[in-house]
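What follows is a short report on a single structure.
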Amino acid sequence: MKSAAKPAVQRAAGRPAARAAGSKGASAADHAKRFERLGLRRPEDFVLHLPMRYEDETQVTQIGNLLPGQWAMVEGEVLRCELAFRPRRQLLAAISDGSGELALRYLNFYPSQQKQLAVGKRMRVRGDVRGGFFGIEMVHPRATSADVPLPNALTPVYPTTDGLPQPVLRRAIGEALSQVSLSDTLPDALRERLHLMPFDAAVRILHAPPPDVVVHTLVERAHPAWMRIKFDELLAQQLSLALARAGRLEKQSPRLPRKAGKQTVSARLLAALPFGLTGAQGRVVDEIATDLARPHPMQRLLQGDVGSGKTVVAALAAAQAIDNGYQAALMAPTEILAEQHFRKLAGWLEPLGISIAWLTGSLSAKAKREATARVEDGSAQLVIGTQALIQQNIQFARLGLAIVDEQHRFGVGQRLALRSKGDKDQAVPHQLMMTATPIPRTLAMTFFADLDVSVIDELPPGRTPVVTKLLSDARRDEVIVRVHEAARAGRQIYWVCPLVEESEALELQTAVDTCEALRVALPDLNIGLVHGRLPTAEKAAVMSSFTKGEMEVLVATTVIEVGVDVPNASLMVIEHAERFGLAQLHQLRGRVGRGANESVCVLLYQTPLSMIAKQRLRTMHETTDGFEIAQRDLSLRGPGEFLGARQSGLALMRFADLDADIELAEHAHEAAAWLQAHHPDAVDAHLARWMHGREDFLKA
Ligand code: ADP
Ligand code: MG
C-alpha cells in the first residue's frame with residue numbers, strides 16, 4: 001500500500017478502490033508471504049482455496065426495494081456530490097434510479113472518487129444498506145461506472161489474511177484454475193456409483209457459481225459441488241491413514257507370542273486374580289495377544305468405559321511381553337494414577353517374582369538413578385511411571401511393549417518418544433493405548449483409522465449403576481447430611497471442588513476452604529484433602545489412607561479425575577458441576593459405582609445456568625453410557641476434546657464436518673479400500689492433489 005500512497009490521499013484503509021490500487025504496488029514477495037500464511041503454495045492449493053460466501057453482483061436491485069441490513073447493488077444517476085464538514089470532513093453523494101434515492105457517504109476518499117461521482121453520471125454502487133437518519137444509505141460503497149457489463153457469475157469472497165485483498169486472491173485463483181489440470185482423480189465408475197459431480201465442474205461452480213444457483217446451498221455446503229469436494233477431502237484422509245498403516249507394517253517388532261503352560265507369568269497372574277475376566281476383557285486380551293505375536297508393531301487403542309477393567313488387560317499384556325524375556329512399560333498422565341497402577345500391579349505381579357521399577361519426576365536423585373539403572377540393565381521387567389519414563393537419558397534394555405494409559409492426555413510427541421525407547425536394536429516396541437473417553441464412530445473412523453481398536457463393552461458383574469442427582473447449591477446442607485449418613489454406614493465419599501479455570505491459586509484456596517468447612521460441619525469424620533500442588537509424599541499418604549478406608553471423606557480438586565480406584569467409595573459430590581465439561585463429569589462420576597454398593601453422584605450447581613450447562617447436566621442425569629455421553633458431547637462441543645493432541649490433524653479437515661458428513665465419511669472409507677485394491681494410480685493422483693506435504697500429521 002505504501003507505494004500507492006499519493007500526497008493528496010486521505011487515510012485509505014478499508015476502501016476497495018484504494019485496496020485495489022495498493023495491491024498493484026505490493027510486491028510479489030509480500031503476496032507470496034501472505035499466500036503462504038493461508039497455506040497456498042502450489043497452484044493446486046489455490047484451486048482448493050474455496051469461497052466462504054458470495055456476493056451477487058449479477059443483479060441490480062431497485063433502490064425503492066432496498067432494506068436496511070441487506071447487501072445490494074444498485075444503479076442510478078448521481079443527484080449530488082458534495083463535501084461536508086460537519087461533524088467531520090466527508091463526501092456526501094446521492095443517487096436515484098427513479099424508484100427512490102440512496103445516500104452515499106465516504107469518510108475517507110480519494111479526490112478521484114469525488115470526480116468519479118460527478119452529478120448526472122450513471123453509477124453502479126454496492127455495499128451494505130443502512131437505515132440512516134435521512135433515509136437509507138451506504139457507507140463506503142464500492143462504485144463503478146454503470147457502463148461496465150454485469151458479471152455472469154456470483155462474486156466469491158475467500159477466507160483471507162491481513163494485507164491480501166479479495167481481488168488479488170481472485171486473480172491468483174483464476175490463474176491457478178487455468179494452469180492446473182482439473183482432471184478427475186476418481187474413476188468414472190466410482191463417481192457414478194456415488195453420484196458425485198466431476199471434480200472440474202465442482203471447483204468451477206464453487207469459484208464462479210452461475211447466478212441461478214441457490215446461494216444458501218453453497219454457503220451451507222450442501223450443494224452437489226460441495227459434496228464432491230468434501231468427499232475428496234475425506235477420501236484423501238482415509239488414503240493417507242491407510243498409507244501410514246502400511247508404513248507401520250513394514251517396521252519390525254519383536255514377536256511376543258503367548259507362551260503355553262501353567263508356569264508362565266500370564267497363567268499365574270490369571271490364576272491369582274480374585275475375579276475371572278469378563279467376556280469382553282477375555283476378547284480384548286486375545287486380540288492383543290495375537291497382535292503381540294506379530295513381527296510388526298502393534299498400535300492398538302483399548303477403549304473401555306470408566307470402571308470396565310482396563311488395568312488387568314494391561315497387566316496381562318505386560319505379562320506376555322515378560323514371558324518372552326522383554327520389558328514392558330506403563331506410562332500414566334498423573335503421578336496419582338501412576339502410583340495407583342504401581343500399587344495395583346505390584347500387588348498382582350511381585351508375588352509372582354516380577355521385578356517392577358517406579359519412575360517419576362519427583363523421585364529423589366538417588367532413587368531415580370537406581371530405577372534408571374534397573375531399566376537400563378534389564379533387571380526391571382516392568383517399569384511404571386509418568387512422563388519421566390520418556391526422558392532423554394533413559395534407555396531400556398529390551399522394551400517390547402509400551403502401554404500408555406489415558407492416551408488422550410498425552411501429546412503425539414510423548415507417545416512417539418515412548419515408542420522410540422525400543423529402538424536400540426532397530427526394533428519398535430508394540431504399543432497399547434488405553435482410554436476411557438469413548439471416541440464417537442465418525443471420529444474413530446476418520447481420525448483413528450490407522451489404529452486397531454479393541455473395545456471393552458461390558459462392566460464387571462455386580463455393579464449397580466450410579467444414580468445421579470442434580471441439586472441447586474442452595475441445598476448444600478442436605479448434601480452434608482447425606483455425606484454424614486454415608487460415612488456412618490461405612491461408605492467413603494469424594495467431594496470434588498470446583499474447577500477455576502482462570503486461577504490455579506483460587507482453585508487451591510477453594511479446596512482448602514471447602515475442606516475446612518466440612519471438617520467444622522462434620523467433626524467426627526476423618527476428612528482429607530488432595531490437590532495438584534501437594535508434595536508427592538503427602539499426596540501419596542492421603543491417597544493411601546483413603547484407599548485403606550481410614551479416611552471417610554476425600555476433598556479433592558480434579559486431580560482425581562482419571563483412574564483412581566477405591567471400590568468402597570460410593571458417594572461423590574461435585575461442586576459447581578456446571579463448570580465442568582461432559583467428558584470430565586463422566587470421568588469423575590466413574591470414580592464411584594466400582595463396588596457392589598449402590599452409588600450416588602450429586603451434581604451441585606449454581607444458577608443461573610447457561611443453555612449448554614443445562615444440557616450437560618441433563619445428559620449426566622439421563623445416562624451413564626459413556627458412548628452416548630461422548631456422542632452428545634461431540635454435538636455440543638465439536639471434536640476437539642476427543643482428539644486430544646491429535647487436534648493438529650483437525651486442520652486437515654477444512655471442508656467436511658464430522659458431525660454432518662458422517663455418511664460421506666463412510667463412503668470415503670469404503671472407496672479408499674476399493675481404490676487401493678483396484679486403482680493404485682488414482683490413489684497417488686488423489687493424494688498428490690490433496691495431501692502434499694501434510695501426510696506427516698497423520699502418521700503419529
Ligand atoms: P478402568 O477401565 O477404569 O481403568 P480398572 O481397571 O481400574 O478400570 O477396574 C475397575 C475395578 O474393577 C478395579 O477395582 C478392578 O480390580 C475391578 N475389576 C476389573 N476386572 C474385573 C472383573 N472381571 N471382575 C470383577 N472386578 C473387576
Ligand atoms: Mg484406568
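The values are calculated or read from the model by the stated rules, or taken from the named source; none is laboratory data. Just so it is clear, the model here is predicted, and its values are computed rather than measured. Heads up, the Cβs are rebuilt from the backbone with ideal geometry, glycines too, and the neighbour counts pull from every protein chain shown. With ligands, DNA and RNA removed, areas are computed over all heavy atoms of the protein, side chains included. Shrake-Rupley method; radii C 1.70, N 1.55, O 1.52, S 1.80 Å.
Among the residues making up the stretch 118-135, a single one is of a type in the set (Val, Ile, Thr) and open to solvent by 40 Å² or more (accessible area, probe 1.4 Å): Val119.
Within the stretch 197-215, restricting attention to residues that are open to solvent by 50 Å² or more (accessible area, probe 1.4 Å) and assigned to a helix (DSSP H, G or I), which residue is modelled with the lowest pLDDT? Filtering first and then ranking leaves Val215.
Within the stretch 580-596, being in contact with a strand residue (DSSP E or B) (Cβ under 9 Å, 6 or more places away or on another chain) and in a helix (DSSP H, G or I) holds for Leu585, Leu588, Arg589.
Is it fair to say Gln299 is more than 16 Å from ligand 2 (Cβ to nearest atom) and more than 31 Å from the chain's Cα centre (by Cα)? Here the answer is no, as Gln299 does not meet what is asked. In the stretch 354-375 there is no residue matching the filter, namely being closer than 25 Å to Pro254 by Cα and within 16 Å of ligand 2 (Cβ to nearest atom). Across the stretch 300-313, a minimum of one residue is classified as under 20 Å from Gln431 (Cβ atoms), more than 13 Å from ligand 1 (Cβ to nearest atom) and at pLDDT below 95. Evaluate the following for Glu504: is it open to solvent by 30 Å² or more (accessible area, probe 1.4 Å), modelled with pLDDT of 95 or more and of a type in the set (D, E, K, R)? No; evaluated as a whole, the condition is false for this residue.
For the criterion of being open to solvent by less than 10 Å² (accessible area, probe 1.4 Å) and more than 15 Å from ligand 2 (Cβ to nearest atom), Ala272 fails. Looking only at the stretch 290-299, decide whether some residue is of a type in the set (D, E, K, R), surrounded by fewer than 21 Cβ atoms within 10 Å (Cβ to Cβ) and either within 16 Å of ligand 1 (Cβ to nearest atom) or not in a strand (DSSP E or B) (or both). Within the stretch 290-299 (the criterion being of a type in the set (D, E, K, R), surrounded by fewer than 21 Cβ atoms within 10 Å (Cβ to Cβ) and either within 16 Å of ligand 1 (Cβ to nearest atom) or not in a strand (DSSP E or B) (or both)), the answer is yes, since at least one residue qualifies.
In the stretch 257-269, the residues that are hydroxyl-bearing (Ser, Thr, Tyr) form Cβ pairs under 7 Å with partners that are open to solvent by 20 Å² or more (accessible area, probe 1.4 Å), at six or more places apart or across chains, as follows: Thr264/Asp323; Ser266/Arg258; Ser266/Asp323. Selection of first residues in the stretch 470-485 that are free of Cβ contacts under 8 Å to residues at least 60 places away in the same chain and of a type in the set (Ser, Thr, Tyr) and of second residues that are part of a helix (DSSP H, G or I) and open to solvent by less than 60 Å² (accessible area, probe 1.4 Å), restricted to Cβ pairs under 8 Å at least 6 apart or on distinct chains, gives an empty result. Of the strands (runs of 3 or more DSSP E) lying entirely inside the stretch 55-143, those carrying at least 2 residues that are acidic (Asp, Glu) are 71-84. Across the stretch 288-343, the number of residues qualifying as within 19 Å of Gly400 (Cα to Cα) and among the charged types (D, E, K, R) comes to 4. Within the stretch 87-101, one or more residues are surrounded by 15 or more Cβ atoms within 10 Å (Cβ to Cβ), at pLDDT 90 or above and among the charged types (D, E, K, R). Among the residues of the stretch 509-559, write down those that are under 20 Å from Ala486 (Cα atoms), in contact with a strand residue (DSSP E or B) (Cβ under 8 Å, 6 or more places away or on another chain) and within 16 Å of ligand 2 (Cβ to nearest atom). The answer is Met543, and nothing else. I'd like to know if the stretch 166-180 contains one or more residues that are out of contact with any Asp or Glu (no Cβ under 9 Å at 6 or more places or on another chain) and assigned to a loop (DSSP other than H, G, I, E, B). Within the stretch 166-180, not a single residue is out of contact with any Asp or Glu (no Cβ under 9 Å at 6 or more places or on another chain) and assigned to a loop (DSSP other than H, G, I, E, B). Of the residues in the stretch 467-489, none is open to solvent by less than 60 Å² (accessible area, probe 1.4 Å) and part of a loop (DSSP other than H, G, I, E, B). Residues of the stretch 335-367 that are of a type in the set (D, E, K, R) and in contact with a strand residue (DSSP E or B) (Cβ under 7 Å, 6 or more places away or on another chain): Glu350 alone. Among the residues of the stretch 216-228, at least one is farther than 30 Å from Lys33 by Cβ, among the small types (Gly, Ala, Ser), touching a residue at least 12 places away in the same chain (Cβ under 8 Å) and open to solvent by less than 20 Å² (accessible area, probe 1.4 Å). Say whether the condition of being modelled with pLDDT under 90 and over 30 Å from Val592 (Cβ atoms) is met by at least one residue in the stretch 432-445. Yes, the conditions are met somewhere in the stretch 432-445.
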